[in-house]
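The values are calculated or read from the model by the stated rules, or taken from the named source; none is laboratory data. Keep in mind the model is a prediction, meaning the values are calculated, not measured. Glycine also receives a Cβ, built like all others from the backbone with ideal geometry; neighbour counts cover every protein chain displayed. SASA here: full protein model, heavy atoms, side chains in, ligands and nucleic acids out. Shrake-Rupley method; radii C 1.70, N 1.55, O 1.52, S 1.80 Å.
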Amino acid sequence: MRFLGNIEAKIDSKGRAFLPAVFRKVLQSSGEENLVLRKDIFQQCLVLFPESVWNGRVDLLKSQLAPWKPSHQQILRQFVSEAEVVSLDGNGRFLISKRLQRAAGLEQDLRFIGVDDTIEIWSPQHLEEVLKSDEEFGADLVNIMNTDDDK
């Protein structure tokens, strides 16, 4: 399953947002019903995980942790305790808790960004702050994609 796109949306006064139809279609075609919402670890945005993707990430994290190391248990605890299960209502809306709205600096306007197997939810202001200019993005992409085979 792959999510693509950059879609503008709004959050209502009750904290509900419509999941864009293009993303709902991807979820439906993949047979996904349950979603997990968490603040991103590195950026000031939220990440919406289909349940199977979330379970894969938790399994990957657990595979790197030692169960008898207190610091490792704290990492797992913090990672999973900051997540919330969300579900879509009959209209395709879901609730974003006040806690997560504050954590991501969300107000009324939102941007949904499809990022491979997850969906990011940004405030437009924070998204503009982190996106590179077209020139910087192009240069970084060239540096990543060029290999020694081209010499």
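Numbers for the structure displayed
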{"quantity": "All positions within segment 1-52 that are open to solvent by less than 20 Å² (accessible area, probe 1.4 Å) and among the β-branched types (Val, Ile, Thr)", "calculated": "ILE11, VAL36, VAL47"}
{"quantity": "Test for ASP40: is it modelled with pLDDT of 95 or more and out of contact with any His (no Cβ under 6 Å at 6 or more places or on another chain)", "calculated": "yes"}
{"quantity": "Residues being touching a Phe, Trp or Tyr at 6+ places or on another chain (Cβ under 8 Å) and among the small types (Gly, Ala, Ser) - total across segment 105-140", "calculated": "1"}
{"quantity": "Residue in segment 68-75 that is polar (S, T, N, Q), exposed (fewer than 15 other Cβ atoms within 10 Å of the Cβ) and within 25 Å of PHE3 (Cβ to Cβ) present", "calculated": "no"}
{"quantity": "Every residue from segment 95-141 that is among the aromatic types (Phe, Trp, Tyr) and open to solvent by less than 100 Å² (accessible area, probe 1.4 Å)", "calculated": "PHE112, TRP122"}
{"quantity": "Listing of helices (runs of 4 or more DSSP H) fully contained in segment 1-120 that carry 2 or more residues being closer than 23 Å to LEU131 by Cβ", "calculated": "21-29, 98-104"}
